[in-house]
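Derivation of every value follows stated rules applied to the coordinates shown; laboratory data play no part. The structure presented is a predicted model; accordingly, all values stated were derived computationally and were not measured.
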Amino acid sequence: MKLTLNQKKAHDIERHIALTAGAGSGKTAVLVNRYIEILIKKNLRVGQVVAITFTEKAATELRQRIFHEIENRISDGRDVDKLIEIKGNMI
């Protein structure tokens with residue numbers, strides 16, 4: 001997948017971002033990836049990273065998708081020890 005300049009910026013975990021875009025543009029996917037990468041690369045706990053959404057429905061979807069992505073990465077054998085710890089802190 002080829003990313004636009006703005007998409008590349010959104011994936012840079014060294015930056016703080018406010019993410020706005022239309023429905024179906026991949027906002028949640030970007031936030032899921034950023035959240036997990038920040039936890040892993042910065043060695044942080046779940047309670048130390050914040051992702052803010054405008055609705056409880058969006059927050060629930062974000063949390064579910066983070067949880068699923070963690071499970072997928074564990075199944076793939078990526079960052080297993082850290083992800084198991086993160087997953088345990090989400091429950």
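Miscellaneous remarks
- Normalising by residue count, the chain has a Cα convex hull of 111 Å³ per residue.
- Less than 5 angstrom separates the built amide H of residue 51 from none of the residues sequence-distant by 5 or more or on a different chain.
- ³J(HN,Hα) computed for each position of region 68-80 - Karplus, 6.51 cos²θ - 1.76 cosθ + 1.60, integer Hz, glycine/proline x: 5, 5, 4, 4, 4, 5, 4, 4, 7, x, 8, 6, 4
- For the residue pairs 8/87; 57/82; 2/87; 2/82; 27/87, the alpha carbons lie more than 25 Å apart in 8/87; 57/82; 2/87; 2/82.
- Vicinal HN-Hα couplings computed from phi for region 37-52 (Karplus, 6.51 cos²θ - 1.76 cosθ + 1.60; Hz; Gly/Pro x): 4, 5, 4, 6, 6, 9, 6, 10, 9, 3, x, 9, 10, 10, 10, 9
- Using only alpha-carbon positions in region 39-91, the gyration tensor eigenvalues give semi-axes of 20, 13, 8 Å once each is multiplied by 5 and square-rooted (largest first).
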